[in-house]
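Reading through the structure tokens given below for one structure.
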Amino acid sequence: MQNKKIWYVAAMFAVLVCGGVRAEDVAADDEMDLRGAQAVADYKVEGSLFQQITDLEQEKVLMQLEKERAQLDLELDRLAAEKIKLHMEIDTLSGRAEAQQQELETEKAKLEAEAARLAREKKSLEEEAAAPRAATSSAARASEDDGDDAIADNFRLINVIGAGSQLQATVESLNTGQTKRIRVGADLDGFSVKSISLDDGVVFVKDGKSQTLNIGGNR
């Protein structure tokens, strides 16, 4: 019986001791929680190591962003320079095209002016070529109207040689090409040689009308 009492007392003591220890542990945990909360509340972020680390990280991020922004600025400047260069090349090509167009217009105007000049010269030459034919035709019609032969239609004066009353003239037949030397008083196909002069050529008389034959056949 006595042993049972002792065992019972020991068991109760153990229970009390364990309960006290457990209560002390709970109290200690509560005190630690209060201390942690107070430490968190009393912690100053400004100037702390955490703040320094955070600032360094932010600076790294800002530096990276600044580097990327600078690179973008360089790219934009390059693109702007390329754009200006492209506009300059376009302006240069446009200027060359305008200059070439102006050169073509100038060359065209020169060619047109040259063509007009050649046309005028051609017309002038045609008129000059037509004038002798017209004069010959007019002379022939006048001779036919008069009913007289023209000495210049048959002969041309080649030269006049001699001096004073000894002057002689050489004429050539336009039909046969033969030459003949004549002097004053000679007869040439019905024409009488009235006079021979170095300046005036040969004067012929036929039917009371005079005709003059000069060097080259002019009457």
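The values are calculated or read from the model by the stated rules, or taken from the named source; none is laboratory data. Everything numeric in this text was worked out from a predicted model, so none of it was measured. Here the Cβ positions follow ideal geometry from the backbone for every residue, glycine too, while neighbour counts run over all protein chains shown.
The residues of the range 171-210 that are assigned to a strand (DSSP E or B) and touching a residue at least 40 places away in the same chain (Cβ under 8 Å), listed by number, are V171, F191, G201, V202, F204, K206, K209.
Annotation: of all residues in the range 177-206 being among the charged types (D, E, K, R) and modelled with pLDDT of 90 or more, the one that is surrounded by the most Cβ atoms within 10 Å (Cβ to Cβ) is K206.
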